[in-house]
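Only one structure is covered here, and it is reproduced in the block below.
The values are calculated or read from the model by the stated rules, or taken from the named source; none is laboratory data. Just so you know, these numbers come straight off a predicted model, no measurement behind them. Cβ sites come from the backbone with ideal geometry, for glycine too, and all protein chains shown count toward neighbours.
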Amino acid sequence: MLKMREGELVVAGDPLETLLAWLDEAKVAGLPEPTAMTLATATRDGFPSARIVLFKGLSGSSMERRGLEFYTNYESRKSKQLEDNPQAALVFHWTTMRRQVRIEGRVEKVTPEESNQYFQSRARESQIGAWSSPQSKPIGSREELESLVRANQAKFASGLIPCPQFWGGWRLVPERIEFWEERPHRLHERKECRFANGAWHVQRLAP
Ligand SMILES: Cc1cc2nc3c(=O)[nH]c(=O)nc-3n(C[C@H](O)[C@H](O)[C@H](O)COP(=O)(O)O)c2cc1C
């Protein structure tokens, strides 16, 4: 069990480096699903919804800044909300590390080339799964889903499976990143990083 940390939480000049370091520590500690993050989206009218997706790495954006990538179905509920309202939030929570990171910003789609590159790195069964799941749509039965899988197994019996046009990556480019680390007596450490005028500005928040 991790001993409760003491002292100040220090954030790197580029807070994404601190995020990567914390992710590495969670991986080394053997936590289950260390890359799992809650993704919150909202409709155009501001109705929120949230679900878990997996963080797949940092990459450069059209804003010439790095952002967090995740992959999904572009026709899913989350993607429709992101199309309508590109403001989103992510939360990582590593329970036994006693750490939380909250990220807010704008999303954009990664390029089809980037999506295809990631798609090709996935297991064939997962590629078939992506082709077979009309994600977020009602589906009558498990059998219906399995028959879609069988049809795609037959369709893609050999050779490279192309990335579906309805599937790919989103990149969230952060405007705000908050690091939270547990301290004794609920006097936790919180550091808020905001991106403004081309630089990150850090301030302490009360727990
Ligand atoms: C640990 C975990 C990891 C997940 N990773 C992803 C993911 O990377 N991409 C994805 O589309 N769904 C992922 N899901 C499923 C989503 O939470 C969600 O059920 C799905 O994307 C449909 O959400 P939506 O209807 O709001 O679009 C994951 C679920 C869990 C519990």
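Only one residue in Gly129, Gly159 is more than 30 Å from Ala199 (Cα to Cα) and more than 16 Å from the ligand (Cβ to nearest atom), so which one is that?
Values: Gly129 fails: more than 16 Å from the ligand (Cβ to nearest atom).
Matching residue, one of Gly129, Gly159: Gly159.
Sort through Ile161, Ile128 and tell me the only one that's over 21 Å from the mean Cα position of the chain (by Cα) and in a helix (DSSP H, G or I). Don't jump to the end; show me each part of the working.
Numbers: Ile161 fails: in a helix (DSSP H, G or I).
One residue alone meets the criteria, Ile128.
Give the stretch 94-150 a look and list any residue that's among the small types (Gly, Ala, Ser) and in contact with a Leu (Cβ under 9 Å, 6 or more places away or on another chain), or say none.
Step one: of the stretch 94-150, the residues among the small types (Gly, Ala, Ser) are 105, 115, 121, 123, 126, 129-130, 132-133, 136, 140-141, 147.
Correct list: Gly105, Ser132, Ser133.
Of all residues in the stretch 92-101, those satisfying the criterion of being more than 13 Å from the ligand (Cβ to nearest atom) and crowded, with 17+ Cβ neighbours inside 10 Å are Trp94, Met97, Arg99, Gln100, Val101. Quick one: in the stretch 173-182, which of the residues that are touching a strand residue (DSSP E or B) at 6+ places or on another chain (Cβ under 6 Å) and surrounded by fewer than 18 Cβ atoms within 10 Å (Cβ to Cβ) is farthest from Lys3 (Cα to Cα)? That would be Glu175.
Take residues that are modelled with pLDDT of 95 or more and crowded, with 16+ Cβ neighbours inside 10 Å and tell me which of the strands (runs of 3 or more DSSP E) falling wholly in the stretch 1-63 contain 3 or more. First the steps, then the outcome.
On the way: elements: 36-42, 48-54, 58-60.
In the stretch 1-63, 36-42 are the strands (runs of 3 or more DSSP E) which contain 3 or more residues that are modelled with pLDDT of 95 or more and crowded, with 16+ Cβ neighbours inside 10 Å.
Exactly one residue out of Glu108, Glu83, Glu113 is surrounded by fewer than 18 Cβ atoms within 10 Å (Cβ to Cβ), without any contact (Cβ under 8 Å) to a residue 12 or more places away in the chain and closer than 22 Å to Glu175 by Cβ, and it is Glu83.
State all residues of the stretch 133-150 that are farther than 22 Å from Thr72 by Cβ and assigned to a helix (DSSP H, G or I); if no residue qualifies, say none. Spell out how you get there, then give the answer.
Step one: of the stretch 133-150, the residues farther than 22 Å from Thr72 by Cβ are 140-141, 143, 147, 150.
Of everything in the stretch 133-150, those that are farther than 22 Å from Thr72 by Cβ and assigned to a helix (DSSP H, G or I) turn out to be Glu143, Ser147, Arg150.
When Glu64, Glu33, Glu108, Glu104 are checked against the criterion of being under 23 Å from Pro15 (Cα atoms) and either in contact with a helix residue (DSSP H, G or I) (Cβ under 6 Å, 6 or more places away or on another chain) or within 13 Å of the ligand (Cβ to nearest atom) (or both), a single residue qualifies: Glu33. Can you pull out the residues in the stretch 77-99 that are part of a helix (DSSP H, G or I) and under 18 Å from Pro32 (Cβ atoms)? If the condition is that a residue be part of a helix (DSSP H, G or I) and under 18 Å from Pro32 (Cβ atoms), then Thr95, Thr96, Met97 are the ones that fit.
Of all the criteria given as (1) more than 20 Å from Pro174 (Cα to Cα); (2) within 16 Å of the ligand (Cβ to nearest atom); (3) loosely packed, with under 15 Cβ neighbours inside 10 Å, the one not satisfied by Asn73 is (3).
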